[in-house]
1. Report, ordered by the first and then the second residue, all pairs with beta carbons closer than 6 Å, sequence separation of six or more or different chains, a first member in the stretch 189-206 that is outside the structural domain of residue 167 (by TED's automatic domain parsing) and touching a residue at least 40 places away in the same chain (Cβ under 8 Å), and a second member that is crowded, with 16+ Cβ neighbours inside 10 Å and in a loop (DSSP other than H, G, I, E, B).
2. Can you tell me which condition residue 202 does not meet? The list is (1) surrounded by 16 or more Cβ atoms within 10 Å (Cβ to Cβ); (2) modelled with pLDDT of 95 or more, and all the others hold.
3. Do we find a residue being without any contact (Cβ under 8 Å) to a residue 40 or more places away in the chain and of a type in the set (A, V, I, L, M) anywhere in the stretch 129-146?
4. Could you list, in sequence order, all residues of the stretch 308-319 that are more than 16 Å from the ligand (Cβ to nearest atom) and without any contact (Cβ under 8 Å) to a residue 40 or more places away in the chain?
5. Identify, from the list 363, 345, 330, the residue that is under 19 Å from residue 438 (Cα atoms), hydrophobic (A, V, I, L, M, F, W, C) and either free of Cβ contacts under 8 Å to residues at least 24 places away in the same chain or part of a helix (DSSP H, G or I) (or both).
6. Could you check residue 305 against (1) buried (at least 19 other Cβ atoms within 10 Å of the Cβ); (2) away from the ligand (no atom under 14 Å from the Cβ) and say which number it fails?
7. Just checking, does the stretch 267-276 include any residue being more than 13 Å from the ligand (Cβ to nearest atom), more than 31 Å from the chain's Cα centre (by Cα), at pLDDT 95 or above and closer than 25 Å to residue 150 by Cβ?
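The values are calculated or read from the model by the stated rules, or taken from the named source; none is laboratory data. Computed from a predicted model, the values in this text were never measured in an experiment. Positions of Cβ are backbone-derived with ideal geometry, glycine not excepted, and every protein chain shown enters the neighbour counts.
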Amino acid sequence: MAENRLSGLPKMDLLLARGELAGCALPYSLVRRAARQALEEARQVLLADPEARAPGAGHLAGRALELAQAMARPGLRRVVNATGVPLHTNLGRAPLSPRAAEAALQAAGYCNLEYDLDRGTRGSRTGRVEDLLRTLTGAEEAFVVNNNAAAVLLMLSVLTPGLGVAISRGELVEIGGAFRVPDIMARSGARLVEVGTTNKTRLGDYAAALDTGAAQALLKVHPSNFKVVGFTQAAALAELGVLARERQVPLLCDLGSGALAAGPFPGEPAVEEAVHWADVVCFSGDKLLGGPQAGILLGRGAAVRRLKRDPLARALRLDKLSLAALEATLMDWRDGVLPPAAAMLGAEGEHLRKMAEVLAARLAPLCPGGRACQAVESPGEAGGGSMPGVSLPGWAVALTPAEELERFFRGWETPVIGRIHRGRLLLDVRTLLPGDGDIIAAALAQWKGETP
Ligand SMILES: *Cc1c(COP(=O)(O)O)cnc(C)c1O
């Protein structure tokens, strides 16, 4: 019986010869793969359901075309971030400024990556960003690598191999994607010397580790994505700096987020302050700095020059697109222009409320009869392990029905990613970029057209 119904399915050749598929501009190999998949789907339905009838060739060709179009689209796509989390790791962390995006585009062809245009000789790959970093932070020397995880690995591998490195128990953190400080330390050849307790570590705990000979270096890690609240104590970087100078041991600091003092980042240790006390400081390029993925290393001349000379530096080097975007991001900071993520983090509640009201008024006529569309208060967070425990005053447009709309928006040409809260879909305005309102409105208009 099932055999009969299966034989009712059109043959592959017939399907491929139909106008929908034969006439489409997609590569033949892709269309064939899609047609095979459409047939296989239909076969599975027939096998699973004895009542089901074989779909016609027209229907199958339509489905195959849909599959082929989906296969032809790039997998990595632009989305609208309506989550309100500016440094959303799943959505690519910091959005580049127009200047940084343009710089990356310009560098995509040939560029003077390692060529000195004045002298016509080989030039420094990272010199331009190093100059900017020194000017911005007051560091003696600077260097950049692929990301902050690489920066931590390089710093420990080169400066403390075989040494005991004292670190507070409260700072042995895991930062998303299985980046664990103890694991990186083990890989670098440094020996982990835990001091203090999870909630309390005093300066004396570090001093004792140096006194007993267990440790010969100090490491401070900014515990990015959590905050221990209540009965806590941690030694300040300044205290550790004084101790390290007294005992003549290196003090290394993984700042994680890298907040420049000029940014609106309450509760974050400033890069400039860390540079003053530590021998080497490292942080991410795509967190609070608001640039491309990169690992920034700043510090004293001799220590940073050792990092640059190490063979590992070559394996961890930054590519030309990121270098170009990083240089432009640093130029933004130099010129007093906040990169988009920093501007979003500093946005005032009143400004966000107005944005949400304007968007809600625009979307309301596009909501099918009687469905809610309202500006609501919605507290946000920085994301990306930055500013943990800091709640930002935020505003969103709340829509219903939450689940169906969430799926529809996610499947839109330019997917719109919001967040469901208490039965409503919240589109947070903090993280919207210019033009995103048009995309949301176009999607909603289509939804209204399809919804009875
Ligand atoms: C985010 C973070 C890292 C990892 O940085 P990437 O740039 O993502 O590699 C390392 N250490 C700390 C403290 C962080 O917050």
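1. none
2. Tallying (1) surrounded by 16 or more Cβ atoms within 10 Å (Cβ to Cβ); (2) modelled with pLDDT of 95 or more, residue 202 fails exactly one: (2).
3. The answer is no; no qualifying residue exists.
4. Listed by number, the residues that qualify are 309, 311, 314.
5. On the way: 345 fails: under 19 Å from residue 438 (Cα atoms); 330 fails: under 19 Å from residue 438 (Cα atoms).
Just a single option satisfies the conditions, and that option is 363.
6. Just one mismatch for residue 305, condition (1).
7. There is no residue in the stretch 267-276 that is more than 13 Å from the ligand (Cβ to nearest atom), more than 31 Å from the chain's Cα centre (by Cα), at pLDDT 95 or above and closer than 25 Å to residue 150 by Cβ.
Residues are listed down the side, and each one gets a yes or a no for (1) more than 16 Å from the ligand (Cβ to nearest atom); (2) of a type in the set (Gly, Ala, Ser); (3) in the same structural domain as residue 10 (by TED's automatic domain parsing); (4) not in a loop (DSSP other than H, G, I, E, B):
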| residue | (1), (2), (3), (4) |
| --- | --- |
| 46 | yes, no, yes, yes |
| 52 | yes, yes, yes, no |
| 60 | yes, no, yes, yes |
| 100 | yes, yes, no, yes |
| 103 | yes, yes, no, yes |
| 109 | yes, yes, no, no |
| 112 | yes, no, no, no |
